[in-house]
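For reference, the structure discussed in these notes is given below.
The values are calculated or read from the model by the stated rules, or taken from the named source; none is laboratory data. As the structure is a computational prediction, the values presented were derived from the model and not from experiment. For neighbour counting, all protein chains shown are included, and Cβ atoms are generated from backbone atoms with ideal geometry for every residue, glycine included. Protein only, heavy atoms only, side chains kept; ligands, DNA and RNA dropped before computing areas. Shrake-Rupley method; radii C 1.70, N 1.55, O 1.52, S 1.80 Å.
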Amino acid sequence: MAYRSRRQFLAATGGTLALGQPAGPPVALPKVKFGERELTRLIIGSNPFYGYAHFNALLNKLMEEWMTPERRLQVLQHAERTGINTWQVHYNDPTIADYNRYRAEGGKMHWLLLADFDLMKNWKLLGEVAKLGAIGVAHHGNRTDERFRAGQMNIVRDFTKAVHDAGLPAGVSTHNPAVVEYVEEQGWQIDYYMTCMYRVSRTLEETRKELGEAPLGEIYMEKDPERMCRVVRQTRKTCFAFKLLGAGRSIDRPERVEAAFRFVLSNIKPQDACIVGMFPKFRDEVRENAELVRRLCAA
């Protein structure tokens, strides 16, 4: 269903969205080359759309309940108006439905896919993904790290070959810098990486070995971005940096948000881009992030 105005949308969906109305055409975001395409250096991520807060079960539930299909569509349309031209999303039935609806409403953002759920089990679905217009498919980061830990990276490599066989650029997503080093040393023929700024996939055993004890929940270490950016700069392949803000752990003050963006943009390659999840229930994070990236890149 198309809504003729923001007021009509809010009346239909209930509640509010902290989305500002643009005063005019969006100011262009800086772009990077990705194959034959140009992608904005700021890419909107999908975790908040589907209740993956990476914080706690309460925030998961808040995101899941607030991000109705109508609101997800509204946020995507707002991101496009703000100048973002790429949406990174994991493969699942709801995401495919949202993508088709967004396209039917005239949406034009590129679609960068992270393999998950049925796609990880049935690689024949890659043909359908190609028909939908994905511009790349990456092996899921958690699954990659699990395969790396188990000495099963041949499975990850075979998946990237299947992506190429489907006629699509192939990527590897990971939270562990050692995975990037391994793939580079082995000379894999892949097109890009998705590189998490925090190694959240450490097991409790790995953490106890490093620190002597393990914290509750996912692990976000202050030097992790430095460790990942070091390997990002060593590869010639395009890298999409994600979790710049530590899944919301660095958003308590505007200066911390800016510092996180500045560090990553200054320490990845000029050809690389950032994937950032946005949850505009309380403020227009989409517009704020776009303006921040414009300003930092211009500087």
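Worth pointing out:
- Using the Karplus relation 6.51 cos²θ - 1.76 cosθ + 1.60 with θ = phi - 60°, the per-residue 3J(HN,Hα) values for region 91-103 come to 7, 6, 4, x, 5, 5, 4, 5, 4, 5, 5, 4, 5 Hz, with x marking Gly and Pro.
- Assigned charges on the beta-carbon of Lys, Arg, Asp, Glu; region 46-173 dipole about Cα centre (debye): 220 debye
- Mean residue ellipticity, 222 nm, helices only, the chain: the sum of -39500 (n - 2.57) across DSSP H runs of n ≥ 4, divided by residue count and rounded to 500, is -13500 deg cm²/dmol.
- Electrostatic dipole magnitude of the chain [Cβ: Lys, Arg +1; Asp, Glu -1; Cα centre; debye, to 20]: 680 debye
- Coupling constants for region 167-175 follow from the phi torsions by the Karplus curve (6.51 cos²θ - 1.76 cosθ + 1.60, θ = phi - 60°), and in residue order they are x, 10, x, 10, x, 10, 9, 7, 9 Hz; glycine and proline get x.
- Taken over region 132-197, the ratio of Cα radius of gyration to 2.2 N^0.38 Å equals 1.02.
- Here region 139-162 and region 70-123 have alpha carbon centers that stand 24 Å from each other.
- With respect to the chain, whose longest principal axis is taken over its alpha-carbon atoms, helix 285-298 is tilted by about 60°.
- Global form of region 152-299, assessed from the alpha-carbon gyration tensor, a/c cut-off 1.5: oblate
- Within the listed set LEU132, LEU112, LEU19, the residue fluctuating most in the Gaussian network model of the chain (springs between alpha-carbon atoms under 10 angstrom) is LEU132.
- Accessible area per residue, Å², region 158-299 with all protein chains present, probe 1.4 Å: 47 Å²
- Rounded D (µm²/s) - region 33-94, Kirkwood Rh over Cα pairs, Stokes-Einstein at 4 °C, 1.567 mPa s: 101 µm²/s
- Computed from phi, the 3J(HN,Hα) profile of region 46-55 under the Karplus parametrisation 6.51, -1.76, 1.60 (θ = phi - 60°) reads 10, 3, x, 5, 10, x, 9, 7, 6, 9 Hz, with x in place of Gly and Pro.
- Label-point separation in nm, ALA130 to ARG295, each point 7 Å along Cα→Cβ: 4.5 nm
- Relative to the current alpha-carbon distance between SER266 and GLN234, full extension at 0.36 nm per residue lengthens the span by 10.1 nm.
- The apolar share of the surface of the chain, taken as the fraction of accessible area on carbon and sulfur atoms (1.4 Å probe, ligands and nucleic acids excluded), comes to 50 percent.
- If you look at the Cα atoms of the chain, you get an Rg and a Dmax of 18.7, 58 Å.
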